[in-house]
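Below is one structure, written out as structure tokens, with a few remarks after it.
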Amino acid sequence: MLIVALAVAVVVVCVVAAGSGQVPIAPSEVVGSILHRLGLDVGPLPAVAQGENALWVVRFPRVVLAAIVGAALGSAGALMQGVFGNPLAEPGVIGVSSGAAVGAASAIVFGASLFGPWTVAAAAFAGGLITTAAVYAMSRSGGRTEVVTLVLTGVAVNATAGALLGLLMFLTDDDGVRAIAFWQLGSLASANWAAVAVAGPCAVAGVTVAVLLARRLDLLALGERPARHLGVDTERLRRTAIVVVALLTASAVAFTGIIAFIGLVVPHLVRMVAGPGHRVLIPAGALGGAVVVVLGDLLARTLLEYQELPLGVLTAVVGGPCFFWLLRRTRARAGGWG
């Protein structure tokens, strides 16, 4: 029921977001435009001048990419928290997003083109994969992940990634500086259909594999030893999950920059409603993430007239206090860190 409600919410917010902007278009005209493109002569077309171009050239690619990014980050957060066995694990908090951004920025600055239009996404994937594996190796001890170690590892990884991004900005020209600044702030302003064509398949593949891992993640939540007794190859599960997290994060970061806290906030909100089971948590986290990022992007481009706020800044304003609350609650439940 929750998944159905979230799926309906995704459709509704996408229609509303597509119709909102400097040239407002009624929701019925947005739906009519889509139906006409599908060959169904139903519903009105946009009445305003250049309404069709505004929808199909500017807004639809942006809204679709926002939904893809939100779904990728929401499911990546749920998957990472299941693998690390820690509610504070999230691609932005522990530095995976920053690592992916370093990979993508390196590809831009050095003009890499090995994989054609997929080069930036491939570099982001490599950066995210290396970072996730490093965080996993450094934060786990004795078969479990300590909260303090995980958070401190994230601080160190984010600081290192920030330094590398600063070095890349020093080495590149003005265009490269602007591109890297874009990565650090996070924005969907450069969304287009080419970005959707690259990010979409990566996100779909990542979410699909994450859903297939859900049952084994539920068994892993019982503990390392019980999971092994129930037939789960825990190390293989973790290695697969790390690759999937890197893929999902790369698909989100490759064209939008760092958008933090989606993978932290959304899975916790879903858990409050549906419980900790990953078979609901992962798909609901993906849909919930899509709703949050589409709405966040809508606010970013409509709160100020003729100006656009960086989406990553908006999500950090909301996600930062939420992270503090989760940190305090986790500390209280653990009886302190010491």
Using the Cα atoms as the points, what is the convex hull volume per residue of region 1-101 in Å³?
142
Quick one: check the C-alpha center-to-center distance for region 1-29 versus region 224-260, whole angstrom.
30
On a 0 to 90° scale, report how tilted helix 147-171 is relative to the longest principal axis of the chain, with both axes built from alpha carbons and the result rounded to the nearest 10.
50
Burial ranking of peptide ranges 56-68, 231-243 (average Cβ count within 10 Å, highest at the top)
56-68, 231-243
Accessible surface, the chain, averaged per residue in Å² (probe 1.4 Å)
46
Report the Cα centroid-to-centroid distance between region 265-288 and region 298-325 in angstrom, as an integer.
22
May I ask you to rank Glu305, Glu224 by accessible area, largest first, using a 1.4 Å probe over the protein chains only?
Glu305, Glu224
Rg [Å, one decimal], Dmax [Å, integer] - region 53-212, C-alpha atoms:
16.5, 57
Evaluate the Kirkwood expression for the hydrodynamic radius of region 141-274, namely the inverse of the mean inverse distance over all pairs of different C-alpha atoms, and round to one decimal in Å.
17.6
Quick one: grab Rg to one decimal and Dmax as a whole number for region 200-255, Cα atoms only, in Å.
12.8, 42
Note on region 1-49: alpha-carbon gyration tensor, axes a ≥ b ≥ c; rule is a/c under 1.5 for rounded, else prolate if a/b larger than b/c, else oblate; result oblate
Ordering of 88-101, 27-40, 156-169 by burial proxy (mean other Cβ atoms within 10 Å per residue, highest first):
88-101, 156-169, 27-40
Compute the convex hull volume of the Cα atoms of the chain, divide it by the residue count, and report the result per residue in Å³ as a whole number.
143
Could you tell me what percent of the accessible area of the chain is made up of carbon and sulfur, with a 1.4 Å probe and every protein chain present?
68
Dimensions (Å) - region 56-113, Cα atoms, principal axes, largest first
41, 32, 15
Please report the accessible area of Asp218 (heavy atoms, 1.4 Å probe, ligands and nucleic acids excluded) in Å², nearest 10.
40
Enter the angle in degrees (range 0 to 90, nearest 10) between the Cα long axis of helix 27-37 and the first principal axis of the Cα atoms of the chain, meaning the one along which they spread out most.
90
Shape descriptors of region 230-338 over alpha-carbon atoms, Rg and Dmax in angstrom, are 16.6, 58
Cα extents of region 253-292 along the principal axes, largest first, in whole Å, come to 32, 15, 14
What is the chain's relative contact order, in percent, from Cα pairs under 8 angstrom and six or more apart in sequence?
29
Most packed first (mean Cβ within 10 Å per residue), the peptides 256-268, 9-21 order as 256-268, 9-21
Scalar couplings 3J(HN,Hα) for region 285-298 by Karplus 6.51 cos²θ - 1.76 cosθ + 1.60 (θ = phi - 60°), nearest whole Hz, x for Gly and Pro, are x, 5, 5, x, x, 4, 4, 5, 6, 4, 5, x, 5, 4
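The values are calculated or read from the model by the stated rules, or taken from the named source; none is laboratory data. Owing to the predicted nature of the structure, the values given are computational and were not obtained by experimental measurement. A quick note on method: Cβ atoms are made from the backbone with ideal geometry, for glycine too, and the neighbour counts reach across all protein chains shown. Heavy atoms of the whole protein, side chains included, go into the accessibility calculation; ligands, DNA and RNA do not. Shrake-Rupley method; radii C 1.70, N 1.55, O 1.52, S 1.80 Å.
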